[in-house]
1. Answer with one residue from B:P180, B:I310, A:M234: the one whose Cα lies farthest towards the positive end of the charge dipole of the protein assembly as shown, charges on Cβ with Lys, Arg +1 and Asp, Glu -1.
2. To check my understanding: the extent here is largest minus smallest coordinate of the Cα atoms along each principal axis. What are those three numbers for region A:82-249, in Å, largest first?
3. According to the square roots a ≥ b ≥ c of the eigenvalues of the Cα gyration tensor, what is the shape class of chain A, taking rounded for a/c under 1.5, prolate for a/b larger than b/c otherwise, and oblate for the remainder?
4. DSSP loop trypsin sites (Lys or Arg not before Pro) in region A:38-129 with at most 15 other Cβ atoms within 10 Å of their Cβ, which ones?
5. With n ≥ 4 as the cut-off for DSSP H runs, can you work out [θ] at 222 nm for chain B, using -39500 (n - 2.57) per run divided by the number of residues, rounded to the nearest 500?
6. Using the alpha-carbon centroid of each, what span in Å lies between region B:240-302 and region B:72-88?
7. Please give every one of the lysines within straight-line cross-link reach of A:K148, meaning a C-alpha to C-alpha distance under 29 Å, and leave out same-chain neighbours fewer than 8 residues apart.
8. Can you sort B:F71, B:F123, B:F260 by how many other beta carbons sit within 10 Å, fewest first?
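Taken together, the values in this text are just the output of simple stated rules run on the coordinates, not laboratory data. Here the structure is a predicted model, which means the values were calculated and not measured. FYI the Cβ positions are ideal-geometry reconstructions off the backbone, even for glycines, and counts take in every protein chain you see.
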Amino acid sequence: MAVTLTPAPVPVHRPVRDRHHRGVSRWVVLVLVTVGALVMLVPFAFMLLNAFKSPGDYSSGGPLSWPTEFYTKGLRTYWTEVNFPLKLWNSALIAGSVAVLGVVVSLLNAYALGIGRVRGRLWIVGLFLLANMLPQEALIYPLYYVAKEVGLYNTRLAVIIIFTVIQSAFGTYLLASVLGTFPRSLLEAAALDGAGKWTVLWRVVFPNLRPTLAVLLIFFFIWTWNEFLIPLVMLIDNQTQTIPVALASLQGDRLMDAPTTNAGALISLVPAILFFLIFQRTLARGITAGAEK
Amino acid sequence: MAVSETVAATSPTATTPTPRKPRRAPRGRNAAYWLYLLPGAVLFVLVIGAPLVGTVYLSLTKWSGIGDPTFVGFDNYQRLLHDDVFWASFRNTVAMIVAMVVVPTVLGLLLASVLFDVIGRRFKPRTAAALRAAFYLPQVLPVVVAGIVWGWILRPDGAFNSLLDAVGLGALRHDWLGDPGTALPAVMAVMIWVQIGYPVVVFMAALQRVDPELYEAAEVDGANWLHRFRAITLPQIRPETFVVALTCTIAALKVFGPIFALTRGGPENATNVPSYFAYYTFFKKLQVGYGSAISTVLTLIIVVVAVVFIWMQARSERRNRGF
């Protein structure tokens, strides 16, 4: 938003040659950056080119050849073999539940820390921040063992609970600092009207925080969607696995010839790219809102 | 994971907690707020606190995951000191820091500055936004899926070797991930590709809050792009640079998914990293005590790195304010 559209001021005293020179160099810069951007996209092009190629085509023409037919069997094989709709549902259920629950827990924590200013809150916030940085390896074995003991192993619920806590560690840290600057006058006005803490939270704080919470919700969703280690350890069968785990556990399988690998990767990436396109504007807005706070 | 920190980075309130502690409210009134912390605190203890303590305890035992762990004191740590794989995994972490922190931060600064300062202003802002999206795209994908695509591209019969053939460099054909000599550089290249979009997006957002008049004034004074980059861009976005360096370093220390998808730590541990080493020790070798020791050391390193970073940032902020 801050990008100025006004043409750059042309200083009078500048020698003409210099302006000329700059006129050329800006095109050089544009070309260089564009080439860089295209290099970034090359893997996607490779994937698209090979996802719709028959195995025969692939073995005779190699990875760079143009497919002789629009071959969709790789895609269909992958779709049915891994029961892709179920994987999609598992991923959506886990990421969606974590996003909602994570935001609720973050909000409750941050209400106590940022507005309630309970004693020792700086230490508590620091603890949450540190928890967010922990390697998941430091938690995984006890979680795995206890999940087995209490019958939560290989359930989506186990993964939902774990990520609700991990994501809300970050959410608590972020929201607590945002709420630390929440206008006291609003709270006091509500208190004068006789509103209790619960009412203040949902009638005053929540509506004011809604844009930040929306961004947090989207982040939690996407991060959880993309998580790997904990789902890999916790979810071991076809009924419960998420999209990335399903693809990774088929790696090296006889089923996965090059076209099927690419087709599988392609449909695994589509949801993520869709979120990116759908949420891009919300995210950009949220980030700017944060910056102007 | 990346975008998250953007919010923290661009919201000044996130990095500067209020130093004052207003104690106006009587304690009794605030005590009721503890109730709101209760569910979060219980969950936190169950899912993070207790398992962390459990891992530290298990690191002092010998255990296969069945029956009771045997307490062995610091044996596992002693074993770590003499384990070549452990040292190799930490050497590879340094390579991951180069690929995920150093290169993306430097390239990201250059790219963000060029996209914002040259392309965004000399061409249409939409051009800059489209280019930014291309660099950012890998960041939104499940990194394991991206790793699997790259694993295929870099295979002996994969797309990269075909590309070399096509441009007449067929002599360079290679089993990039299968040769201990090239596996690590190949993984590093993939990680740069994965990571680069994050600093670009954060730095471009940061540049938006820099007063455009600074740049215009500098330009009127005849400062070229490099002058502006050093005198305005770098100092103005120093806080974001800290946040990016910290979060990327932590991510590099924790990297797991791409290694799992690309090489499983091989060949001959050439690309093994602590988190994969710990996973393998836990679940493939069933040496829970030893795996816990690796995880504990990794956790300690991450905590130390984070504390040092935050301390350096606080010091640099204080110094800047002094001027």
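1. Toward the positive end, the furthest listed residue is B:I310.
2. 58, 32, 24
3. Oblate, since a/c reaches 1.5 and b/c is not below a/b.
4. Working: sites: A:K53, A:K73, A:R76, A:K87, A:R117, A:R119, A:R121; in loops: A:K53, A:R117, A:R119.
Sites meeting the loop and neighbour criteria: A:R119.
5. Values: 19 runs with 214 residues, N = 323.
Calculated from helices alone, the mean residue ellipticity at 222 nm is -20000 deg cm²/dmol.
6. Region B:240-302 and region B:72-88 have Cα centres separated by 15 Å.
7. Reachable lysines: A:K87, B:K62, B:K254, B:K284, B:K285.
8. Details: B:F71 12, B:F123 16, B:F260 24.
Exposure proxy ranking, most exposed first: B:F71, B:F123, B:F260.
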